[in-house]
Amino acid sequence: MIGTRPWLLSAPALVLFLVMLVTPLIMTAVLSFNSFDFYGGIKPTFGLGNYADVLSDSYFYEIFGRTFMIALVTTVIAALIGTPQAYFMLRMHPFWRSVMILVVLGPLLISVVVRTLGWAILLGNNGVINEALRRFDMIERPIKMMYTSGGIVLALVHVMVPFMILAVWAALQRQDPATEKAAESLGAGPFTVFRRIVLPQAMPGILSGSLIVFSLSASAFATPAILGGRRVKVASTTVYDEFLNTLNWPLGAAIAIILLVAVLAIMVAWNRLVEKRFAGVFQ
Amino acid sequence: MIRNGLFAKLFSIVFAVFMLAPLVVVIGVSFTPEGFLEFPPSGISLRWFRAILDNPDFIEAAIMSVQLGVASATIATVICIPAALAIGSGRFAGRDALQALFLSPLTVPTVVLGIAFLRFLSMMGLNGTFWGLVFCHVVIIVPFVLRLVLASVTGLDPSIARAATSLGASDWTVFRRITLPAIIPGVVGGWVLAFITSFDELTVTVFIVNPATTTLPVKLFSHITQTTDPLVASVSTVAILFTVALMLIVDRIYGLDRLLIGEGSR
Amino acid sequence: MAILELRDLTKRFGETVAVDRFTLSVEKGEFVSLLGPSGCGKTTTLQMIAGFETPSGGTILLNGRDLAKVPARARGLGIVFQTYALFPHMTVEENVGFGLEMRKVPADERRRRIAQTLDLVHLSHLSGRYPRQMSGGQRQRVALARALVIEPELLLLDEPLSNLDAKLREEMQLELRRIQQEAGVTTLLVTHDQSEAMALSDRIAVMQGGRLIQEASPFDAYDRPANGFVSSFLGKSNAIPGHLEGGAAGTKLRCRELTLDGPASGETPGPVLISLRPERIEFTGEAEGIVAGRVSERIFLGDKWLFKVETGLGELLVVRRNSGRREPEVGEAVHLFWQAEHLRVLSAESAE
């Protein structure tokens, strides 16, 4: 009965996606198999040379290792902060809850460049944090935070923690608030209620939030570019340099494709794991 | 209702400070009378806000960002409404694949999208053009619009449309008089979220602009990576105020949590 | 001795008084229902007993112990929530065992008591299931088992059957009564469903606007309602405004142009509300009829007939048991009769 109608309705979007998304991605995949030299530019050859270059060079291993380490640490910290914060927000007075929602979600709508500029001002050797510590004689020499992985993680947590809170919040909203009362009436204290009743019910949210945060952190660009510069490179800033400075597009494309495949592989594996773990308990 | 204890309150305060600190220092720094970034500022001066007027590139970039945001959000919304109606109101073969395709820009790392668009546009000879930028942005923001419109469509009782049909309305009338008014909050919310996403977009845009089509985030980014003067802070402050104003309006008419959580459907 | 004693319990939310000087005591082993329409304060009362709301005034005594300073988790009450509030990530066994775990009951005793309680609610075969894999009635039993296994001094039931469909609800009513009696646990039920309250309880406390209106056995509350609200809330009832006149030969009731013989009544002469249960009215011949009327509507309900009859007293509801005999048709002229002792004379202010 329905027939071609849904396809007609989706046709404009579908055509756009085929032309503007699928084609460019295929072209990029093809590009990553081309070769490059500094005089002739991109050569339409077809080989695995770029992948061999990347996978045989410890420099690139270091970059990918750093990229995923930063993403992992960011995810863990975001989960550790975001989960309790989402729970506290659920229990707040409605007025404070709406204030907190603005505080949490507002930054999401402000450009990452602006937020990262704020962190650069805070973290610099003459930045706000170091100046404050020096004024109270807690340090003699500034703590180096700009151009370090730690600084990038701190700013990324700031960017990512709203996504974690949103995911956990959504899971907690599905929870029957009476389960907490039930546990309390059976003799559980606040910490036990959180650990035994709230946390397991928030777990699907934590896991899906972790997935979002991890994949966004692994491919983040603005924050590592501003706070890490040329000194602390990650996969996305390396791709940027290959494309816009070195102009070795095929090599850049190969790095990008490796990043894409790695992120997708991790996402699929994670989903599998989650589905296995929670089959039967949550749909 | 069980209320929070002391620990929860302290935790929330520290967290709020953490979330607001970078924005507060940017705004604070922008009022400095000095020629370098200092916080807290040694005095209050509008020097760096006046400096914006002497730097027409920032103003041009801001205008470009607004035009780009309006054009791409509008196109994305127009193509997402029929797509959401198709996906949201009934099963058909290929439905899940279609939905996955339209949401896929969320899963592909943005830097990969950036180089893919760069490669595509330069082969088509469209690199750096306004409409090239617009269509790239449409692809990036379609998932945001689709999710919100889809949430409204699936929240719709299908028997309402059937009731209208049984009373003699044509498909187009059903859409115009029944369906569209019912999903309009999702449509408006989706447009605003799309506009903001486009307005803030850096990672993809940085690959595909040229000096004539530079957007505000790209301009800020290249300025920050080259020099550090309070000009970036004052421009950022203006951008923050613009976003906050937009945010408060949206929160009034649609609800910020609904906009970003998407009514629980993902 | 009373297990639970509420004395002048009061709860204010800002300007509104949700519970107003509510006093009630529940004896050991008793099944008491708090009955009232939504917003009457019954749920707030339960929340205060459970410890989830702080009273604005009055005291709650459990076995003579003041609960004011006792947090919810230390009150030791068994609570069955309206939504059941089962822990979705725990199996039936884990759900039921949670309270014992909190009480640090050793594992082997815990297993024994879980098995025993699941047996009581006839769920032993489902102990490994998750709540989501069960039907509404089964979840209800798990919730009951979880509340009973801790051997509470008092069991609180918050609209426990409202999420079940009509047929299951009737089954669970009988089941609930059986389990309560077998476990011998003192029980306080909160409900808006009058038939549920009457079927289950030893005693009913009817609430309205935060106040206790009547406290009586189900039979007495139905048969001798304290006011017009109770008489219309418990079952169906005809409420006839009238005027009471005392006399040496007995009371007389004047309603419109008719004068009826009234029962002995404590009401002072003046305007009153007369309540008459529809099943106490009979169709009769013209000679014996108290009022004449005409059937305006007739509804067949299987085991009984429901008639609306236009009379000189206004429209009266009449219920007749389906005895297989012919009953009057719509439009038919009828004569109604009742024993004067079935009339209840209530104060006129209690009319809604």
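Coordinate-derived values only; no laboratory data. Fair warning: this is a prediction, and the values are worked out from it, not measured in the lab. Cβ atoms come from the backbone with ideal geometry, glycine included; neighbour counts cover every protein chain shown.
Take A:208-214, B:95-101, C:220-226, C:173-179 and order them by the average number of nearby Cβ atoms within 10 Å per residue, most first; the result is A:208-214, C:220-226, C:173-179, B:95-101.
Classify region C:192-338 as rounded, prolate or oblate from the Cα gyration tensor: take a ≥ b ≥ c as the square roots of its eigenvalues, call it rounded if a/c is under 1.5, otherwise prolate when a/b beats b/c and oblate if not. Display every interim value, and only then the final one.
Working: a/c = 2.21, a/b = 1.16, b/c = 1.91.
Cα axes put region C:192-338 in the oblate bin.
Centre-to-centre, using Cα atoms only, region B:120-172 and region A:66-82 are separated by 34 Å.
Subtracting the Cα-Cα distance of B:Lys9 and B:Asp157 from 0.36 nm times their residue separation leaves 49.1 nm of extension gain.
Who wins for biggest fluctuation among A:Ala11, A:Ala253, A:Ala170 in a Gaussian network model of chain A, springs between alpha carbons below 10 Å? Of A:Ala11, A:Ala253, A:Ala170, the most mobile in the Gaussian network model is A:Ala11.
When the trypsin sites (Lys or Arg not before Pro) in region A:81-162 are filtered for DSSP coil states and for at most 13 other beta-carbon atoms within 10 Å of their beta-carbon, the remaining sites are A:Lys144.
Total lysine pairs in region C:2-223 at Cα distances under 25 Å, for residues eight or more apart or on different chains: 6.
Proximity of backbone amide H atoms, modeled 1.01 Å from N, is registered between C:Ser217 and C:Ile204 at under 5 Å, excluding neighbours fewer than 5 places apart on the same chain.
Mean-square fluctuation check for chain A, GNM, Cα pairs under 10 Å: which of A:Ile70, A:Ile206, A:Ile197 is largest? Highest fluctuation of the listed residues: A:Ile197. Taking every residue in B:86-94 and counting other chain Cβ atoms within 10 Å of its Cβ, the average works out to 4. Dipole magnitude for region B:149-219: about 160 debye, using +1 per Lys or Arg Cβ and -1 per Asp or Glu Cβ, origin at the Cα centre. Ordering B:Ala100, B:Ala84, B:Ala163 by the projection of their Cα atoms onto the charge dipole of chain B, which places +1 on the Cβ of Lys and Arg and -1 on the Cβ of Asp and Glu, puts B:Ala163 at the extreme positive end.
When you count the other C-beta atoms within 10 angstrom of each residue and take the mean per peptide, B:149-159, C:38-48, A:267-277 line up highest first as C:38-48, B:149-159, A:267-277. Listed by chain and number, the lysines whose alpha-carbon sits under 29 Å from that of A:Lys233, ignoring those within fewer than 8 places in the same chain, are A:Lys43, A:Lys144, B:Lys219. Taken one residue at a time, the phi angles of region A:254-261 give Karplus couplings (6.51, -1.76, 1.60, θ = phi - 60°) of 4, 4, 4, 5, 4, 4, 4, 5 Hz. Gly and Pro are set to x.
Summary of the geometry: region A:111-127 and region C:68-140, compared by the centres of their Cα atoms, lie 52 Å apart. Couplings for region B:179-186, taken from phi via the Karplus curve 6.51 cos²θ - 1.76 cosθ + 1.60 with θ = phi - 60°, read 5, 4, x, 6, 9, 4, x, x Hz in order; Gly and Pro are left as x. On the beta carbon distance between C:Glu245 and A:Asn271, with R0 = 56 Å, the FRET formula returns roughly 0.10.
Using θ = phi - 60° in the Karplus curve 6.51 cos²θ - 1.76 cosθ + 1.60, the 3J(HN,Hα) couplings for region B:48-58 round to 7, 7, 5, 4, 4, 5, 7, 10, x, 4, 5 Hz; x is entered for Gly and Pro.
Which FRET efficiency value, to the nearest 0.05, do you get for B:Ser122 and B:Arg176 by plugging their Cβ-Cβ distance into 1/(1 + (r/R0)^6) with R0 = 60 Å? Numbers along the way, then the final one.
On the way: r = 42 Å, r/R0 = 0.69.
Computed FRET efficiency for B:Ser122 and B:Arg176: 0.90.
Extending 7 Å from Cα along the Cβ direction at A:Val15 and again at C:Lys69 yields two label points whose distance is 7.8 nm. Here's the picture: a label point sits 7 Å out from the Cα of C:Glu151 along the beta-carbon direction, and within region C:178-200 the residues with their amide nitrogen under 18 Å of it are C:180-187.
Residues whose amide H lies under 5 Å from that of C:Leu34, counting only those 5 or more places away or on a different chain, are C:Leu189, C:Val190, C:Thr191, C:Ala205; hydrogens are built 1.01 Å from N in the peptide plane.
About the Cα centre, and with charges only on the beta carbon of Lys, Arg (+1) and Asp, Glu (-1), how big is the dipole of region A:45-278? Nearest 20 debye, please. Present the calculation step by step, with values, prior to reporting the outcome.
Details: 18 positive and 12 negative charges, 103 e Å.
Roughly 500 debye, rounded to the nearest 20.
Give me a single rounded figure for B:200-211: the average over its residues of other chain Cβ atoms within 10 Å of their Cβ. Partner-chain Cβ atoms within 10 Å, mean over residues of B:200-211: 3.
Ranked from highest to lowest mean number of other Cβ atoms within 10 Å per residue, what is the order of the peptides B:111-117, B:222-228?
Numbers: B:111-117: 27.9, B:222-228: 14.1.
For the peptides B:111-117, B:222-228, the packing ranking is B:111-117, B:222-228.
Per residue of A:219-226, other chain Cβ atoms within 10 Å of the residue Cβ number 5 on average.
Cα gyration tensor of region A:45-278, axes a ≥ b ≥ c as square roots of the eigenvalues: rounded (a/c below 1.5), prolate (a/b > b/c) or oblate? Oblate, because a/c is 1.5 or more while a/b does not exceed b/c. Site pair B:Phe92 and A:Asn125 shows an inter-label distance of 6.3 nm when each label is modelled 7 Å from Cα along Cα→Cβ. Highest mobility in the GNM of chain C, judged by mean-square fluctuation with C-alpha springs under 10 Å and restricted to C:Pro328, C:Pro55, C:Pro160, is found for C:Pro328. Net charge dipole, the protein assembly as shown: roughly 1400 debye, given to the nearest 20, about the Cα centre with Cβ charges of +1 for Lys and Arg and -1 for Asp and Glu. Which of C:Val291, C:Leu301, A:Ala225 sits closest to the plus end of the dipole of the protein assembly as shown, meaning its Cα is farthest towards the positive end, when Lys and Arg get +1 and Asp and Glu get -1 on the C-beta? Projecting each Cα onto the dipole axis, the largest value belongs to A:Ala225.
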